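The values are calculated or read from the model by the stated rules, or taken from the named source; none is laboratory data. Treat the numbers as computed from the prediction; the structure is a model and nothing was measured. When we count neighbours, we look across all protein chains shown, and the Cβ atoms used for this are built from the backbone with ideal geometry, even at glycine. Areas reflect the complete protein model, heavy atoms only, side chains present, ligands, DNA and RNA absent. Shrake-Rupley method; radii C 1.70, N 1.55, O 1.52, S 1.80 Å.
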Amino acid sequence: MSDRATISSTITDLIEPFNKKGVALTEATSFQTDLEWDSLTVMDFVANIEDEFDIIITMNMQAEIETVGQLIDAVVKLKG
């Protein structure tokens with residue numbers, strides 16, 4: 001499994017506890033529109049991502065990340 005596939009799988013697992021509506025996750029899934037996350041949920045989730053991958057996601061990066069696929073790409077880049 002590639003690094004991107006491994007990261008994708010881990011991120012999907014981390015999303016599940018926050019996926020209250022049971023939305024089927026794809027790379028096009030939007031955190032705001034599809035998952036309907038509020039700012040507190042986003043903060044909790046970002047903290048989990050940062051802890052899991054030992055990275056820092058800046059506020060500017062967070063503002064640009066709207067979909068699961070964009071988050072995967074950002075983590076791959078930060079881990080690289």
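List of remarks:
- Measuring with a 1.4 angstrom probe and ignoring ligands and nucleic acids, VAL23 comes out at about 40 Å² accessible.
- For the chain, the per residue solvent-accessible surface stands at 64 Å², with DNA, RNA and ligands left out and a 1.4 Å probe.
- For the chain, the square roots a ≥ b ≥ c of the C-alpha gyration tensor eigenvalues yield an a/c of 1.5 or more together with a/b not exceeding b/c, which makes the shape oblate.
- Distance between the 7 Å Cα→Cβ label points at ASP38 and LYS20: 0.7 nm.
- Solvent-accessible area, 1.4 Å probe, carbon plus sulfur percent, for the stretch 41-80: 50 percent
- The chain - mean residue ellipticity at 222 nm from DSSP helices (-39,500 (n - 2.57) per run, n ≥ 4, rounded to 500): -17500 deg cm²/dmol
- GNM flexibility winner over the chain from ALA28, ALA47, ALA63 (Cα, springs under 10 Å): ALA63
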